[in-house]
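Coordinate-derived values only; no laboratory data. Just so we're clear, the structure is a prediction, and the values are computed from it rather than from any experiment. So basically every Cβ, Gly included, is an ideal-geometry build from the backbone, and we count neighbours across all protein chains shown.
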Amino acid sequence: MKQNSELFERYFIKEYTIKAVRKFFENKNYHELESPILTDSLPQERYLDALYTDITLQNGESKRAYLIPSTETWNKKILVAGLGNHFVITKVFRGLEEIGPNHSPEFTMLEWYQVGDNYFDLMDTTEELVRYIITFINEKSERPHPVPINRNHPLLKGEGYKLNYQGQEIDFGTKWDRFSVRELLRKHVNIELEEIELVENFRKIAIEKGFEITDQDDWQTIFEIIFSSAVEPNFAKDKPTFVYDFPRILCPLTKVKESDPLVSEKTEFYIAGKEIGNGYTELTDWEEQKRRFDEEQAEREKLGKE
């Protein structure tokens, strides 16, 4: 690896990023949670696909175990137990994923919980965290090191809170853009959420507007086709973007917005036009949560999933 300076420097940048994340949350007195990698239960969301393995027990019986697609189940259990603010850094796994620069069936995930806060607070924390990581990496790269990081590395050529990605300078120091899904759909495709509650209406409107939609495409697929092709390309490339207030059908574990019951209090953030992460205000009504779990399980069965 030392013979490949680019690979070597990328390794240290990832190492320092993980160290910075831990330091950031430790400074805020968060607990660090270690989640299991194998579980005997499946994710509830209809669109998540889990990888699995069959384990042979000592008595010769075989038991199916699933590789976790997220740490959410264990975060929730810890919250109920009273641990409070905490974070997890771990490997997670997803089935039916493409393999390429932007997707992988295995990747490292950070997940954290802020007790008593909402999704706008999460946006603020995300901005603060990313700036802390950049500062941490810059400071580490300037200190004496057995194998000094090249300050001319493409990622580190910026100044202050600026980084370079594939030739594009991104300024993390400025206030990040924030747009609701409602305003983005209205601005870029002239669609109102009230018009597309039913999948039949959504499909009809999408086809009328020239999108390639089939009779087999469900609500989420239609939304993703429109959003990825007609909305996301308009995001600024020189600074990050938050998108918030997603349609509630896409957010089974999220609190519905009281002032707009068609959407849930969820946010996603984009860097260089790519979705990097998401967060939401937790649904705390257990009866409503159970109803949604049952609904998601019924939809999973319709899709032929366990």
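General remarks:
- Put in line by how crowded their Cβ is, counting other Cβ atoms within 10 Å and starting with the fewest, 134, 55 read 55, 134.
- Build a GNM of the chain with springs between Cα atoms under 10 Å apart, and of 83, 253, 57 the one that fluctuates most is 57.
- When the GluC sites (Glu not before Pro) in the range 175-214 are filtered for DSSP coil states and for at most 15 other beta-carbon atoms within 10 Å of their beta-carbon, the remaining sites are 192, 197, 212.
- In Hz, Karplus ³J(HN,Hα) per residue of the range 57-68 (6.51, -1.76, 1.60; θ = phi - 60°; x = Gly, Pro): 7, 4, 7, x, 6, 9, 10, 7, 10, 10, 7, 5
- Residue pairs, from the table 14/187; 23/162; 187/239; 91/257; 77/274, whose Cα atoms sit over 29 Å apart: 14/187; 91/257; 77/274
- Radius 9 Å from Cβ of residue 192, net charge of other residues (Lys, Arg +1; Asp, Glu -1): 0
- The chain - percent relative contact order, Cα under 8 Å, separation 6 or more: 14 percent
- Proximal charge balance of residue 165 [Cβ under 10 Å; K/R count +1, D/E count -1]: +1
- For residue 29, net neighbour charge (Lys/Arg +1, Asp/Glu -1) across residues whose Cβ lies under 14 Å away: +1
- Loop sites by DSSP among the trypsin sites (Lys or Arg not before Pro) of the chain, restricted to those with at most 16 other Cβ atoms within 10 angstrom, leave 29-150 as the longest stretch without any of them.
- Pairwise centroid distance, computed over Cα atoms, of the range 193-241 with the range 103-131, Å: 26 Å
- Computed log₁₀ I(q)/I(0) - Debye formula, equal Cα scatterers, no solvent, the chain, q 0.08, 0.10 Å⁻¹: -0.43, -0.67
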